[in-house]
Structures are given as C-alpha cells and as structure tokens.
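Each remark here refers to the structure printed beneath this line.
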Amino acid sequence: MTRKILWLTMTVLALGVAGYALTNVAVPDLRSNFASNMFETTPVAAYGHLFFGFLAMAIGPFQFLEGFRAKRINLHRWMGRAYVLSVLLSAVAGFALALNAYGGLVAKVGFALMAIIWFWSVSMAYTSIRAKNVAEHRRWMIRSYALTLSGVTLRIYLGLAFAAGMKFSEFYPVLAWISWVPNLLIVEWFMLQREKRSGIANNNH
C-alpha cells in the first residue's frame with residue numbers, strides 16, 4: 001500500500017511538472033519572466049530541454065509498474081526507447097543552458113554536472129539492457145529517473161524558499177545542487193537497503 005501511495009504521489013507531481021514544461025513550450029504568454037528570458041537568449045536549448053524533459057518526465061513513472069511491464073512488454077520497450085532518447089536530448093540541451101545559467105559559476109557547474117550525470121545514467125541503463133543485464137538496467141533507470149525528478153524537487157525547494165522569504169538571487173545557486181544531489185543519495189540508500197533485505201532473505205532459505 002505504501003509503495004502505491006509513493007508511486008501515485010510521484011506520478012502526480014511528475015505529470016504536473018511535465019504539464020508545466022509543455023505549457024512553457026506551447027504557450028509563450030504564460031511564461032514567467034525568468035523562462036521568457038531563457039527562451040530569448042538560448043531558444044533552441046530551451047525548447048529542447050523542456051520538450052524532451054516533458055516527455056521523459058511523463059513516460060518515467062509508467063516504466064516502473066511491474067504489472068504493466070509483464071503484460072505489455074513490447075510497449076514497455078518502446079516507451080523505454082522514447083525515454084532514453086528524450087533524456088539524452090534534454091540533457092544535451094540542459095548542458096547548453098547550464099553554460100548560461102543564472103546564479104554565477106556555482107549554478108553553472110551544478111546544472112552542468114547534473115546534465116552530464118543524467119546523460120551518463122540513462123546511457124548506462126540502455127547499454128545494460130542491451131547486454132541483457134536486467135538488474136543493472138533497473139538500477140540505472142532508477143538513478144536516471146531520480147535525476148529526471150530534479151525538475152520536481154527544484155520547484156518544491158523553490159517554493160519553500162519563497163515561503164521562507166529568501167531572495168531568488170541568493171537561493172538559486174543552491175538549487176543547482178540540492179535539486180538533484182539528494183535525489184541520487186536517497187535512491188542509492190533505497191537500493192542498498194533493498195539489496196540488504198534480499199541478501200538476508202536468501203540467507204534464511
């Protein structure tokens with residue numbers, strides 16, 4: 001039950017942010033001043049990052065449904081290919097945006113490093129499944145989607161910062177790091193705990 005609630009919460013948040021990204025791509029009049037400036041200065045990277053990020057964010061949750069994978073394996077594979085391609089393209093565009101990121105060198109390095117690791121993680125997920133290493137593929141896909149969800153955590157932290165009365169200029173460079181580093185640490189801890197439980201269960205048999 002807890003797992004279903006967590007999945008549903010993740011999915012609702014992910015689809016909400018995916019919808020926000022698509023709105024920024026499709027409806028210029030609804031863009032914030034920050035987003036408008038990004039589209040004006042680096043339009044190709046902005047469109048690429050948000051559109052393909054939207055696809056990756058929207059596809060991701062459904063790839064973790066075990067029942068869906070079992071019953072519709074071919075659809076799962078095609079959605080997986082679409083996810084991988086979307087992340088690769090969004091990461092490249094995100095790296096380009098990072099080079100001009102607001103917030104100085106700290107923000108630029110944070111966002112650029114995130115884009116590189118995002119690209120690398122989904123590449124490892126793809127090469128693992130091509131090698132028929134399903135367990136390794138799943139681990140890398142979890143890491144990859146944890147990074148995809150940085151779009152969600154960034155906006156949560158940003159909202160909390162505004163609620164606390166913090167200045168955007170002071171907090172934004174921090175967001176370039178805390179939007180994704182904790183995500184990776186959490187999923188690494190989660191996978192480690194799951195492996196420990198699996199090992200204990202195997203030893204008891």
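Comparing ASN74, ASN183, ASN100 in a Gaussian network model of the chain, where Cα atoms under 10 Å apart are tied by springs, the biggest mean-square fluctuation is seen for ASN74. Given a 10 angstrom Cα cut-off, can you work out which residue in LEU192, LEU99, LEU50 is the most mobile in a GNM of the chain? Of LEU192, LEU99, LEU50, the Gaussian network model singles out LEU192 as fluctuating most. Averaging 1/r over every pair of different alpha carbons in the chain and inverting the result gives a Kirkwood radius of 17.9 Å.
Using θ = phi - 60° in the Karplus curve 6.51 cos²θ - 1.76 cosθ + 1.60, the 3J(HN,Hα) couplings for region 36-47 round to 4, 5, 5, 5, 6, 7, 9, x, 5, 5, 5, 4 Hz; x is entered for Gly and Pro.
Between SER128, SER86, SER32, the residue with the greatest mean-square fluctuation in the GNM of the chain (Cα pairs under 10 Å linked by springs) is SER32. Over all alpha-carbon pairs of region 60-114, lay out the pair-distance distribution in 10 Å bins, whole %, shortest bin first. In whole percents, the pair-distance histogram is 24, 31, 22, 18, 5.
Would you please classify the overall shape of region 116-201 from the alpha carbon gyration tensor, given that a ≥ b ≥ c denote the square roots of the eigenvalues, rounded means a/c under 1.5, and beyond that prolate means a/b larger than b/c while oblate covers the rest? Oblate is the answer for region 116-201, as a/c is 1.5 or above yet b/c matches or exceeds a/b. With the Kirkwood sum run over all distinct C-alpha pairs, region 96-161 has a hydrodynamic radius of 13.1 Å.
Remark: relative contact order (region 2-204) = 18 percent; criterion is Cα-Cα distance under 8 angstrom and separation of 6 or more residues. Multiplying the residue separation of ARG194 and ASN37 by 0.36 nm and subtracting their alpha-carbon distance yields 52.2 nm. Sequence-ordered 3J(HN,Hα) estimates for region 168-184 from the Karplus curve with 6.51, -1.76 and 1.60 and θ = phi - 60° stand at 4, 5, 7, 8, 4, x, 5, 4, 4, 10, 6, 6, 10, 4, x, 4, 5 Hz, glycine and proline given as x. Where does helix 150-163 land angle-wise versus the long Cα axis of the chain, in degrees 0 to 90, nearest 10? Once rounded, the angle reads 50 degrees. Scanning the chain for trypsin sites (Lys or Arg not before Pro) lying in DSSP loops with no more than 15 further Cβ atoms inside 10 Å, the longest uninterrupted stretch between such sites is 1-71.
Any read-out appearing in this document is the output of simple, stated calculations on the displayed coordinates, not a laboratory observation. Since this is a predicted model, take the numbers as computed values, not measurements. Virtual Cβ from ideal backbone geometry, glycine too; neighbours counted across all protein chains shown.
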